[in-house]
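The values are calculated or read from the model by the stated rules, or taken from the named source; none is laboratory data. All values reported here derive from a predicted model rather than from experimental measurement. Virtual Cβ from ideal backbone geometry, glycine too; neighbours counted across all protein chains shown.
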Amino acid sequence: SFHKSKGQHILKNPLLVDSIVQKSGIKTTDVILEIGPGTGNLTKKLLDAGKSVVAVELDPRMVLELQRRFQGTPYSHRLKVIQGDVLKTDLPYFDICVANIPYQISSPLTFKLLNHQPPFRCAVIMFQREFAMRLVAQPGDNLYCRLSANTQLRARVSHLLKVGKNNFRPPPKVDSSVVRIEPRKPAPDTNLVREFDGLMRICFNRKNKTLGSIFRQKTVLSVMEKNYKTLQALHQSQSNLSVDSIVRMDGSDFGDNGDDLRMEVDDGGDDEMELEDGDGGEVSEFKEKVLNVLKEGDFEEKRSSKLTQQEFLYLLSLFNKAGIHFS
Ligand code: SAM
């Protein structure tokens, strides 16, 4: 009896399992991470190909079945089974991840893997076909989306294998695909990753509209402006802090005087508030700023559905240069 809610669809075609293992490019020295080993059909072949397997399985019954299957065989000391939800598990070191996962965790699992340190060589994962096609979609493709752009910033992704539903028991409702994900090395800076996603959220909100019309939307502008002001205020208070400490360094007296000085600096912060309050024209001033960025990079008439990673990165750099950030 399989649990549909746990996405339990067991691979029953041994030729397919062989093909996945072969396409993974496993080395005999590899520590392999498997997610959702189930009854162990893939696990066994992974143990044949690599040095050891760490398998994370949610269902205790499956864990038992797996342990029973390899108990007393030469495989058993090269297999470590962790019982638990992979999304809540601290992953150990691994060289390569090979897995036929429950599809409901596709997105969080992909990002958990991309965040994993130290970076692994590659992950070869079975996904629902549509999710797989989104991962690998290129500018101009129908399924090109925020997921494609974010993933491809951090990894090279390629489609390896189409897999029909009848290779599983019980068969799922949808077709599947095996995808290879190779994290870029060095990994892009965490801040860049966060900002890039912030920009993608906006750009792919309406991916077939021009950026000009996307960035003219009131809701978009007001969120961006809020961020902008928060950041300005932060910079302001940081420079106040450093003024504060310079004054303190200069003055030998760290007593009451110091506190007074700090108060004065704080008052300076209030000017900011006044500026904000009397801002009848300020929204449109910010809008100008945003539209100027688009004009500078000739992005006004462009559509996200067609923009490459390089173009998005360039757009982000222009925004950043204008003091506009997305995280
Ligand atoms: N790998 C096996 C195979 O190919 O025959 C089974 C794959 S089945 C699609 C997914 C497996 O993942 C099931 O055994 C299920 O119990 C397990 N699973 C479901 N959610 C999980 C989670 N959050 N963490 C770890 N394993 C999970």
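Could you please find all residues in region 155-180 being touching a helix residue (DSSP H, G or I) at 6+ places or on another chain (Cβ under 7 Å) and either more than 21 Å from Gln8 (Cβ to Cβ) or of a type in the set (A, V, I, L, M, F, W, C) (or both)?
In the first step, residues of region 155-180 are kept if they are touching a helix residue (DSSP H, G or I) at 6+ places or on another chain (Cβ under 7 Å); the result is 155, 157-161, 163, 167, 171-172, 174-179.
Passing the criteria: Ala155, Val157, Ser158, His159, Leu160, Leu161, Val163, Val174, Val178, Val179.
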Do any residues in region 51-65 that are at negative phi have Cβ atoms under 7 Å from those of residues that are near the ligand (Cβ under 9 Å from one of its atoms) and at pLDDT below 95, where the two are at least six apart or on different chains, and which pairs are they? Leu58/Lys6; Asp59/His3; Asp59/Lys6
Would you confirm whether or not region 95-106 contains a residue that is aromatic (Phe, Trp, Tyr), surrounded by 14 or more Cβ atoms within 10 Å (Cβ to Cβ), closer than 30 Å to Leu316 by Cβ and modelled with pLDDT of 95 or more? no
Within region 12-44, track down each residue that is among the hydroxyl-bearing types (Ser, Thr, Tyr), near the ligand (Cβ under 9 Å from one of its atoms) and either farther than 24 Å from Lys165 by Cα or crowded, with 22+ Cβ neighbours inside 10 Å (or both). Thr43
